[in-house]
Amino acid sequence: MLTAKENLRQAIIKDGKPDRFSNNYEGISLLFHPYLLASPLVEKGQMNVVNAWGVTNSFPENVPGAFPVHTPDKIVVQDMEHWQDYVHAPSLKFPNELWDVAKGMYEAVDGNLSFKATFIAPGIFEQVHHLCSMDRALLYYIEYEDEMHDLIKYLTDWELELAEGICANLHPDAIFHHDDWGGEKSSFMRPSMFEDFFLDAYKQIYGYYHDHGVEFVFHHSDSYCANLLPTMIEMGIDVWQGCMHSNDVPALIKQYGGQIAFMGEIDNKQMDYPGWTQEDCRKAARNAMDACGKNYFIPCITQGGPGSVYPGAYACLWDEIDKYNTELFGFTKEQLDAQRLPMNIMF
């Protein structure tokens, strides 16, 4: 029987041989780095918290994550033609003591059972609209093309410096990188425009990680991105986490399996809402697994981290995938638990 880590690897690689379905986040541990320790993510219930970039964030109850507050007085970039006057990248020079705290997190994870994956958020596209607001940012790609290219280069250079510190000090074997690129039914940009602004940036970032010991890049975008897949593959993404049901994931696996793997297909709205039931979790899990198969696919809630908006839904989904693995492949619950770390909840 494969460990959760090895089973996940076999589900990702070309012509791999997973011996069961990889269950949600069981094979990957999401770990922080000093920047997230120094400028932590906003916790549920916190409102109007200003981060190191000057972006104000709030995290109301019953939503999957925090999001910027973009009332006119809180938008960082007030004049796109002079964005340099407003955007000031936080320092990435951290004391050894903070690196030691982060290293302790990595050392505490059993690397035989789980990939040690550095959690990175937000990504380049998100950082742009966090600084500018979503509606303004989308207009700026058209109205201020040169300035947006310059801003993206500035953010990319900062991310490359972040990557250098992560690889030199923490040595992750995977990264888990957030950047939402669409809504439920369409990408935010047409593919040619997306490629123009973001392909080179991400080839640099993900290329750096791959060149410095990172085996897999997991990219989270809980959205429609089927039309962006050729660009995502060229960027160096190994696993698209967050692929929503609207993408027709089974068809994408047939077309792109072996070039990229898919982690998702179980939208929150299927089993993570007020009044959810065990039957909702069972149906969502089995429909996804029956449709997609265990190669190049990891059945997973589409949100970007282990957990659910409504308490208990993620644990129930986890149990239903275990039951299916038991029925289909003959493994007992005890055998499954012995090959993985205990279930954790991040969100």
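A few notes on this one:
- For region 275-290, the criterion of being open to solvent by 10 Å² or more (accessible area, probe 1.4 Å), touching an Asp or Glu at 6+ places or on another chain (Cβ under 6 Å) and over 18 Å from A11 (Cβ atoms) is met by at least one residue.
- Residue in region 71-80 that is closer than 27 Å to D322 by Cα and touching a Pro at 6+ places or on another chain (Cβ under 9 Å) present: no
- Restricting region 103-141 to residues that are among the hydrophobic types (A, V, I, L, M, F, W, C), assigned to a helix (DSSP H, G or I) and touching a Leu at 6+ places or on another chain (Cβ under 6 Å), the residue that is surrounded by the fewest Cβ atoms within 10 Å (Cβ to Cβ) is M105.
- Filtered residues of region 156-177 (kept if part of a helix (DSSP H, G or I) and out of contact with any Leu (no Cβ under 9 Å at 6 or more places or on another chain)): T156, D157, E159, L160, A163, I166, C167, A168, N169
- Selection within region 33-50 - part of a loop (DSSP other than H, G, I, E, B) and open to solvent by 50 Å² or more (accessible area, probe 1.4 Å): P40, L41, E43, K44, Q46, M47, N48
- Among the candidates I75, I12, the residue that is touching a Cys at 6+ places or on another chain (Cβ under 9 Å) and among the aliphatic types (A, V, I, L, M) is uniquely I75.
- Where V63 falls short, out of the listed (1) among the hydrophobic types (A, V, I, L, M, F, W, C); (2) under 30 Å from L151 (Cα atoms); (3) within 24 Å of the chain's Cα centre (by Cα); (4) surrounded by 12 or more Cβ atoms within 10 Å (Cβ to Cβ): (4)
- Test: residue in region 191-207 that is of a type outside the set (V, I, T), more than 17 Å from the chain's Cα centre (by Cα) and on the phi > 0 side of the Ramachandran plot: no
- Residue match in region 52-75 (condition: touching a residue at least 40 places away in the same chain (Cβ under 8 Å) and part of a helix (DSSP H, G or I)): no
- Taken over region 1-24, the criterion of being within 12 Å of Q339 (Cβ to Cβ), open to solvent by 30 Å² or more (accessible area, probe 1.4 Å) and assigned to a loop (DSSP other than H, G, I, E, B) is satisfied by M1, L2, T3, D19.
- Criterion violated by L30 - all others in (1) of a type outside the set (F, W, Y); (2) exposed (fewer than 14 other Cβ atoms within 10 Å of the Cβ); (3) not in a loop (DSSP other than H, G, I, E, B) satisfied: (2)
The values are calculated or read from the model by the stated rules, or taken from the named source; none is laboratory data. What you see is a predicted model, and the numbers here were worked out from it, not measured in a lab. No Cβ is skipped: glycine too gets one built from the backbone with ideal geometry, and neighbour counts run over all protein chains shown. For accessibility, only protein heavy atoms count, side chains too; no ligands or nucleic acids. Shrake-Rupley method; radii C 1.70, N 1.55, O 1.52, S 1.80 Å.
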